[in-house]
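The values are calculated or read from the model by the stated rules, or taken from the named source; none is laboratory data. Note that the structure is a prediction, hence the values are computed from the model and not measured. Methodologically, a virtual Cβ is constructed for each residue, glycine included, from the backbone with ideal geometry; neighbour enumeration extends over all protein chains shown.
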Amino acid sequence: MGLIEGVFGLLFGNGGNVVRDTVQVFRENAESGSARAQEVQVQAMRQFGEEYSIARQGWFDRFVDGLNRLPRPLLALGTLALFISAMIEPLWFAERMQGIALVPEPLWWLLGVIVSFYFGARHQVKAQEFQRQLVGTMAHVPQVVTNIRSLRTLRAESVGIADTGPDAHLTAEATAPDGNPALEDWRRA
């Protein structure tokens, strides 16, 4: 009974779990991995929030950012308001549409150009920001590729991972038989 209790105590208790500690060498602890993944997510969200932080902008920058955010919602809400006004006050709506029918075609073209330039310029700014971020990311590619190659050489499945190379002393140590104290005690007895 003492032998079995001692074996189970060695493997699963008495201050350390040998099985758990051995398995964690070969397989990631899921709980620790989740904690690390959460920390990465929190850091990413914090960095994302800092990019759009209003605290580092002056009052004029905040005012212009607010103005830049108005046209799209105003256009959408204005269009919805026209549909609602056509249902509630059809005569009022018809009078306004007759007025719009009198707008000359060159003025419509001018309005189209202004709206296109506004949204096109905004699209251009966003595209340039994306390209800058992409260039910054691509600058890290050589280092990432080097890191991946280094990590892959550390895998146990890699061919020649235990190769001692030209080091003769290390080869001798690796091929020397280990002593077995139990076998030596048995031979002496």
Practice prompt. Check segment 143-153 and report whether any residue there is under 30 Å from ASP65 (Cβ atoms) and without any contact (Cβ under 8 Å) to a residue 12 or more places away in the chain.
Written response: no
Item to complete: Confirm whether ARG46 is among the basic types (Lys, Arg) and within 32 Å of the chain's Cα centre (by Cα).
Response: yes
Item to complete: Being basic (Lys, Arg) and modelled with pLDDT of 80 or more is the filter here, so list the residues in segment 8-61 that pass it.
Response: ARG36, ARG46
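To keep it simple, each residue is scored yes or no on (1) surrounded by 10 or more Cβ atoms within 10 Å (Cβ to Cβ); (2) without any contact (Cβ under 8 Å) to a residue 24 or more places away in the chain; (3) more than 23 Å from ASP65 (Cα to Cα); (4) in contact with a helix residue (DSSP H, G or I) (Cβ under 6 Å, 6 or more places away or on another chain).
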{"residue": "ALA86", "(1), (2), (3), (4)": "yes, yes, yes, yes"}
{"residue": "TRP92", "(1), (2), (3), (4)": "yes, yes, yes, no"}
{"residue": "ALA101", "(1), (2), (3), (4)": "no, yes, yes, no"}
{"residue": "PRO104", "(1), (2), (3), (4)": "no, yes, yes, no"}
{"residue": "LYS126", "(1), (2), (3), (4)": "yes, yes, no, no"}
